[in-house]
1. Among the residues of the stretch B:88-100, are any of a type in the set (Gly, Ala, Ser), crowded, with 24+ Cβ neighbours inside 10 Å and not in a loop (DSSP other than H, G, I, E, B)?
2. How many residues are within 22 Å of the chain's Cα centre (by Cα) and either more than 11 Å from chain A (Cβ to nearest Cβ) or open to solvent by less than 30 Å² (accessible area, probe 1.4 Å) (or both) if we restrict to the stretch B:14-26?
3. Given the conditions (1) modelled with pLDDT under 85; (2) away from chain B (no Cβ under 11 Å); (3) open to solvent by 20 Å² or more (accessible area, probe 1.4 Å), and given that residue A:140 satisfies all but one, which numbered condition is not satisfied?
4. Which of the residues spanning the stretch B:171-185 are assigned to a helix (DSSP H, G or I), facing chain A (nearest Cβ under 10 Å) and open to solvent by less than 30 Å² (accessible area, probe 1.4 Å)?
5. Which fully enclosed helices (runs of 4 or more DSSP H) of the stretch B:219-305 have 1 or more residues being more than 30 Å from residue B:479 (Cβ to Cβ) and at pLDDT below 95?
6. In this structure, does residue B:168 turn out to be modelled with pLDDT of 90 or more and either in contact with a Leu (Cβ under 7 Å, 6 or more places away or on another chain) or open to solvent by 30 Å² or more (accessible area, probe 1.4 Å) (or both)?
Amino acid sequence: MKGNARAFASALFLIGLGLMLVTLFEALPFGGAPMQVGQAIAGRALEDTGATNIVSAVLLAYRGLDTLGEVAILFVAATAAGLVLGGAGRAEAQGTPAGFILRAAAALLFPFLLVLGAYIVIHGHLTPGGGFQGGAILAAAFFVPLLAHPASPVNHGVATVVEAFAGAVFVVIGLAGLVGGGAFLVPLLGAGTPGDLFSAGSLPLLYLAIGLKVGSELAGLMARIAAAGDPARQGGKA
Amino acid sequence: MTLTAHHVVLPVALPLLVAFLLPLVGRLSDGLARLLAQLTTLAVAVIALLLWPAASDGGALVSAMGGFAAPIGIVFYADKLALMFVVALAVGLLLFRPRREHDSTKVQTLWLLLLAGGSGLVLSGDLFNIFVFYEITAVATYGLGASAHTGAGYGASLRYLLLSALGSAFALLGIALVYAAAGTLNLADLSQLAGERLTGPMGLTAFVLMVLGFGVKAELFPVNTWVPEVYTAAPTRVTAVLAGVVSKLAMVVILRLLVLLFQDPAALGFLLLLGAIGVAAGELAAFRSRDLHRTFAYSSIAQLGLMAVAFSIPGHAGVLAGIAVALHHLVVKPAFFVLADRWRGEIAGLTGAGRTSPLAAGLFVLLSLSIIGIPPLPGFWAKLMLFKAAIDAGGAGNLTAVAIILAATVIEAAYLFRVVGILYGTAPAGRPPLRFTLGELAPGLLLGAVLIAATVSVAPLGDGLTAMAADSADAAAYASRVLPGGN
């Protein structure tokens, strides 16, 4: 009875919220006159940063601090999850190996995922993609083999080192601007020729740092969750 | 090295840098990682203090990230209010620093991220950037809330996560509405456009959504249901920092939104309503609770309600009262939680505990007198300023709020004196006495000393706060510092 009343109240709330938002969005101009900051950036991004991918210019130059913040959110989530999962991460990973198809495909996929991930990270300032997307693919490259061979030991050491230095590099590039007397995250090294691999100054370096950090963090997090899940599964069987 | 306006980013960048490296240092030695993290926290406090003179000369230090001037890029705006809260956060995190414990490097990493996120929350002058820092702070809190590794801690933290995620979605929706209506996220730019584009139902909806979102951390009614549970189940040093400092940082964000974007009577009325309900509900629940942790958690809800009521009064008198209440609570509540850590469990079981540890009981009496508002303690001046601002502003809403706060004060006095009576009662024979070690009590005693020092120097403190509040309440000054060329 109480559950019904609560469900009814929730439904009523959601309907009200939905109606309110529909009414408000009806009244909003879309992509029209008020989008002043967006239009200003679209007009000057290439000249300011030298990045042909305007999304990257926004992400790394105009709103670079937001991106650093988002990297930090992923990091804080991984740390908090590590704290909660705690000692379970240290338990010996065990489990039955996967079937032939997954094992063969995993071995085949690994180099391709690695190359694709690296390509997307490195070309982030030129074409759609970048550190977050490429980093997720890199993480998948290391996680697919783990799915195929659950018993294989995970080396957290290398991931920790890569993750720590990649994160630090982002902040250090930002702080380098301060040393020069400018602001945090000032684009360095000149814009170069737009469209070249080595262009857009320090932006590709930032994307490389993000790609490595996101990749190692996601891979580490997934490995930890897999390891934490294992003892529970065993407990269920016994 | 001389500090320039661009160094206002250091309270965010420095802890982030060290936090990223900390897991690596922790593999070598937990002790080294702890030392490094604590030195960083200290450095942030020192940097904020060094920036203080420049901020008070020019009104505020403004730095445009990446050299992209507002409103195109993100700006940091460090006025005295922001720097004061950065110092308070850093000092709070040092005072209640993690000890040698299981997983201490991870806890210490979250501690640093809380510092970075909290500093960014008060320093940033960009709406979406504030949201990013709010998320860092919130996610760090999920982890720290569960760091006692108890079932109750996991449960409380998970329920907080669900509520906070909903709140974040609301806040993001509010920010999206603001961006859609005004086309910019820079607070200074928005303050100039607000009168034209953020009025009516659109502006009010955006404000309500953002208050409900940021209000989760600011313990506002009705999104504060996580407070008693998390504050009871988390380790006491975490609770002390969350209740003492972090909740106020979210309140500072709401203050900025009010001053710069929403000087609309309906928006102010909404916050007044939430604040007044928070005060009444918090004190009533505190009166009913039978456990010191919960009592103080509910009392914290009531105190943040007081802040909301103060900020809803237009003009700098309300801002002044709100800041005064915030600073007072910032000193008193962590000290209360220091006492609650040893005096766990049923309050009734504490009979006579005051006799075995007279120093702790004396501290409890001092804190209680101040939070109730007995002159000449600082809590009295804070409440007096609030009443004066509300009565001067007039109006049925404000006067009703004053009546509610007066009634709530009576309830507050009743439950605090009830505890005092129990503490000084006669202990039943044969029960082992609860004693504090000096190390446990030290942070509380330090905060008690600060309270007494503030009582003695209330006149210069009041002058300083008045200047700070007048500046914080001045939207035109904020806009002119961030956008010097005009718009």
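The values are calculated or read from the model by the stated rules, or taken from the named source; none is laboratory data. Note that this is a predicted model, so its numbers are computed, not measured. Ideal geometry is used to build each Cβ from the backbone, glycine not excepted, and the neighbour counts take in all protein chains shown. Side chains included, ligands, DNA and RNA excluded: accessible areas come from the protein's heavy atoms. Shrake-Rupley method; radii C 1.70, N 1.55, O 1.52, S 1.80 Å.
1. The answer is yes, given that some residue of the stretch B:88-100 is of a type in the set (Gly, Ala, Ser), crowded, with 24+ Cβ neighbours inside 10 Å and not in a loop (DSSP other than H, G, I, E, B).
2. Residues that pass the stated criteria total 2.
3. So the condition that residue A:140 fails would be (1).
4. Selection gives B:177, B:180, B:181, B:182.
5. Values: elements: B:226-233, B:236-241, B:247-260, B:265-288.
Passing ranges, in order: B:226-233, B:236-241, B:265-288.
6. No: the conditions fail for residue B:168.
Rundown of residues vs (1) facing another protein chain (nearest Cβ under 7 Å); (2) open to solvent by less than 10 Å² (accessible area, probe 1.4 Å), yes/no style:
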site	(1), (2)
A:42	no, no
A:60	no, yes
A:63	yes, no
A:69	yes, yes
A:74	no, no
A:82	yes, yes
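The rows are residues; the columns are (1) closer than 29 Å to residue B:83 by Cβ; (2) open to solvent by 10 Å² or more (accessible area, probe 1.4 Å); (3) more than 8 Å from chain A (Cβ to nearest Cβ).
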position	(1), (2), (3)
B:127	yes, no, yes
B:131	yes, yes, yes
B:143	yes, no, no
B:152	no, yes, yes
B:158	no, yes, yes
